[in-house]
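What follows is a set of notes on a single structure, which appears directly below.
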Amino acid sequence: MTRRDELAANLAAVELRIVSACAEASRDRDEITLIVITKTYPASDVELLAELGVTDVGENRHPEAQLKMEALLAMEANPSKTLPRCHFVGGLQTNKTNAVTRYADVVHSVDRLKLVNALERGAAAASRTVTCLVQVGLSEDAGRSGAPAADVLAIAEAIDAAEHLILGGVMAVAPLGADAQTAFGELRSVSLAVRERFPDASMISAGMSGDLEEAVKAGATHLRIGRSVLGERPLLG
Ligand SMILES: *Cc1c(COP(=O)(O)O)cnc(C)c1O
């Protein structure tokens, strides 16, 4: 089996899971965007995914993400071929925002006000508009990143006020060992509170390879799937 065949088969299996989760939750498949998380995998895989119809890819580390996006541009033999949208889903430091806003279309991990200001400066310098999601730290989550629910609205307001940023909505990672259904239910409540104030901020980024069904049930609009498409990642040292 070629890598292309393997990726095609994995994508088909994930698509089947999404379609059945939608049927179960009485949702329309078109409400959901699949983001394939390509971290640790080479640009050649991203190119194959794009050829197979994947429109959105995600990365969690700079500079790995930047090097891959540059390699992808260089590979573009056919000028009519378009690059997939690039989502940055990892923890972000303010000293990386100038670089990240040059290639990312959506940043999922905005968890503090300081980051909003830095992203706005970066996007302005690059003359780009970047969609931002507020990453919500769910209550069962002791260690992982994300803004406390009480801070989410203030961060959302800052994003909305920033000239080069668009408030897309919210994002979360289900805490390790927690019940995904409960965790995503909490995210949905935070999303409702944000949408009361900002009706267009309808994106809910939730659900990974292990919990996409629960995320679909809780109203996710964007799924972030890595391993189920690309295979298990080698452990990083
Ligand atoms: C790696 C990663 C994913 C994908 O996880 P899988 O278990 O490989 O599907 C999703 N979201 C974030 C923030 C990630 O870092």
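Throughout, read-outs are computed from the coordinates displayed, never taken from laboratory work. Values in this document were obtained by computation on a predicted structure and should not be read as measured data. Because the Cβ atoms are built from the backbone with ideal geometry, glycine has one as well, and the counts that use them run over all protein chains shown.
See the values below:
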{"quantity": "The chain: Lys pairs at Cα distance under 24 angstrom, eight or more positions apart or on different chains", "calculated": "6"}
{"quantity": "Tensor-based shape of the chain (alpha-carbon gyration tensor, a/c under 1.5 rounded, otherwise prolate or oblate)", "calculated": "oblate"}
{"quantity": "Whole-Å semi-axes of the range 46-129's equivalent ellipsoid (Cα gyration tensor)", "calculated": "25, 13, 11"}
{"quantity": "Sequence-separation-based contact order of the range 3-230, relative, with Cα cut under 8 Å and 6+ spacing, percent", "calculated": "20"}
{"quantity": "Residue with peak Gaussian network fluctuation, the chain [Cα springs, cutoff 10 Å], from Cys132, Cys22, Cys86", "calculated": "Cys22"}
{"quantity": "Cα radius of gyration and Dmax for the range 1-100 (Å)", "calculated": "15.1, 43"}
{"quantity": "Packing-based order for 44-56, 179-191, 208-220, using average beta carbon neighbours within 10 Å, highest first", "calculated": "208-220, 179-191, 44-56"}
